[in-house]
Amino acid sequence: MLAISLLLAQSAADALGEIPPSLAPFVWPDQWSGTQEIHMTSGNFTGAFQVGRIAYDYTNRRTSETQVLISGPSVKTSFTSDNMTEWFHGTKWHYMDWTTDTCMENDFGMGMVKPDFLVNGVFPTKTGVTYIRARNQDAAHRSSLEWVNVSWVQTDGSAGFGDPPGTSLFEWHLDAAGTARRMRMPSSLSSDLMVDLVGYKKAVDAADFELPAACRNASRWTQGPVTPLAGRFARMAA
């Protein structure tokens, strides 16, 4: 689960110590990977829980993201599956539906987002100022509680998702080491997602980007960049 357990939601008025200054805007490492635990918290798919591997390799311009339904309502639509993987290799996109063993692909003329996509000016941003006392997962005593900024970067995704101003927020949460561990974000499924990053590391495995045999004879995808990964990247590139 998250690298920290949030114990006390206390404000500066609690006088537990001086609140530190805001951190620098968050920029992802050029390479990172982990497991996503995705909870859908609104819309027709409320209660759906997905788990899957995610890998981001800006150095080699490639990404992969797997989403497997664990519980809750099916998320299957004309452009999503209950067990699917998406890859970007440069601008070429591949989509594997593991429930039907079919692979589709296209070249949308755009690829992965840059490491600084949260702060690159595409959307208005602000640095969070809300701090709470939290404890590292390895800490045994209250004396090791530290201030953690839990509203660190909020990016208004309204422009990219066609919603009224101030909605569709990307909200990122940090652990005590300053690493992003949880995000709240909009989805192409018209649902808010709560995403926990588990087993996060600043490295990738080559196996994450290998395409299955079915993709050697992939069909052409004709619906445009509307899947969760491709749709997200397309909106960022617009």
| task | Just give me the residues in the range 202-226 being loosely packed, with under 12 Cβ neighbours inside 10 Å and either in contact with a Cys (Cβ under 8 Å, 6 or more places away or on another chain) or not in a loop (DSSP other than H, G, I, E, B) (or both), in sequence order. | result | ALA206, ALA207, ALA213, ARG216, ASN217, ARG220
| said: Quick check on the range 123-145. Is at least one of its residues modelled with pLDDT under 95, within 23 Å of GLN31 (Cβ to Cβ) and under 17 Å from the mean Cα position of the chain (by Cα)? | reply: no
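The values are calculated or read from the model by the stated rules, or taken from the named source; none is laboratory data. In this text the structure is predicted, and so the values were computed from the model without any measurement. Glycine gets a Cβ as well: all are built from the backbone with ideal geometry, and neighbour counts include every protein chain shown.
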